[in-house]
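The values are calculated or read from the model by the stated rules, or taken from the named source; none is laboratory data. As the structure is a prediction and not an experimental result, all values here were calculated from the model. As a convention, Cβ positions derive from the backbone with ideal geometry for all residues, glycine included, and neighbour counts pool all protein chains shown. Remember, those area values only see protein heavy atoms, side chains included, never the ligands or the DNA or RNA. Shrake-Rupley method; radii C 1.70, N 1.55, O 1.52, S 1.80 Å.
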Amino acid sequence: MDAKQAFDAAASEYDAFRRQVIPCFDGFYGMALDLLPFAPDEAPRLLDVGAGTGLLAGLVARRWPAARLTLLDFSEEMLARARQRFAGAAVPVEIRVGDSSTADLEGPWDAVVSALSIHHLSDPAKRALYGRVLAALRPGGIFVNADNVEAEDPAVQGRDRGAWIAAMRAAGLPEADLQAGLLRTEVDVLAPLGRQLGWLRELGFVEVDCAYKWRHFAVFSGRRPVQ
Ligand SMILES: C[S@@+](CC[C@H](N)C(=O)[O-])C[C@H]1O[C@@H](n2cnc3c(N)ncnc32)[C@H](O)[C@@H]1O
């Protein structure tokens, strides 16, 4: 099973238990939003890479109702849920089916955001995507990636996974859904946070930082230089 097959298959239940699967939901998604430097009445142009059912994009739209959102994902099934989520949205949302490792990101975007998607790409594809994101941002634009990362130390990685599983159980996630979630981690290609921050700096991003981390859930960002 590859990532597309995994998410096509999971789409119908995907939204049901997000808070249980992501025990740090409020801090994790909340920081992704807090890093976006827009006033409430602004209408920024945002691209959501690996948008899935539109969970992150929906949170963006709630905080910035005039935002002009484009959602990119290679799972038609996940995007079908996103279409339902945004049916009747005040501002039309563009939905694009495409593979983030090859799709033309177009732009220029005020922000490119992504949640829990880029860790499905190989490391060279992640780095190449970061370079394409930089090129697609307007000068001064921001990239925010809320994603799963690998610990530098295997012992820490094991502890993080154990703590995550315990937190999902404590949150009442049904065992079948927990096992399905763990099965989906088999298509993960986690990379250490430090390596990814290094790629962003090497590529030319500025203000590179990790603003939030709980276990293997990290929110990191960088900006395209103004000039
Ligand atoms: C865990 S879901 C996250 C969805 C959403 N961003 C959220 O926060 O709920 C991961 C999404 O990334 C998408 N994805 C994974 N690899 C991708 C790729 N190479 N191109 C486009 N989408 C991809 C999957 O189809 C899935 O919808």
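Given A180, A211, A146, which one is in a strand (DSSP E or B), open to solvent by less than 60 Å² (accessible area, probe 1.4 Å) and within 14 Å of the ligand (Cβ to nearest atom)?
Working: A180 fails: in a strand (DSSP E or B); A211 fails: within 14 Å of the ligand (Cβ to nearest atom).
That would be A146, the only listed residue that is in a strand (DSSP E or B), open to solvent by less than 60 Å² (accessible area, probe 1.4 Å) and within 14 Å of the ligand (Cβ to nearest atom).
Within the stretch 13-32, is there a residue that is buried (at least 18 other Cβ atoms within 10 Å of the Cβ) and either touching a Cys at 6+ places or on another chain (Cβ under 7 Å) or within 24 Å of A128 (Cα to Cα) (or both)?
Yes: one or more hits.
Among the residues in the stretch 156-168, are any on the phi > 0 side of the Ramachandran plot and at pLDDT 95 or above?
no
All but one of (1) more than 22 Å from the chain's Cα centre (by Cα); (2) in contact (Cβ under 8 Å) with a residue 12 or more places away in the chain; (3) open to solvent by 70 Å² or more (accessible area, probe 1.4 Å) hold for P154; which doesn't?
(2)
For the stretch 93-113, which positions are more than 12 Å from the ligand (Cβ to nearest atom) and buried (at least 21 other Cβ atoms within 10 Å of the Cβ)?
Hits for the stretch 93-113 are V93, W109, D110, A111, V112.
If I ask for residues that are part of a loop (DSSP other than H, G, I, E, B), near the ligand (Cβ under 8 Å from one of its atoms) and within 15 Å of R68 (Cα to Cα), which ones from the stretch 1-54 would you list?
Listed by number, the residues that qualify are A51, G54.
Here are the criteria: (1) surrounded by 22 or more Cβ atoms within 10 Å (Cβ to Cβ); (2) over 17 Å from the mean Cα position of the chain (by Cα). Tell me which single one G54 does not satisfy.
Failing condition for G54: (2).
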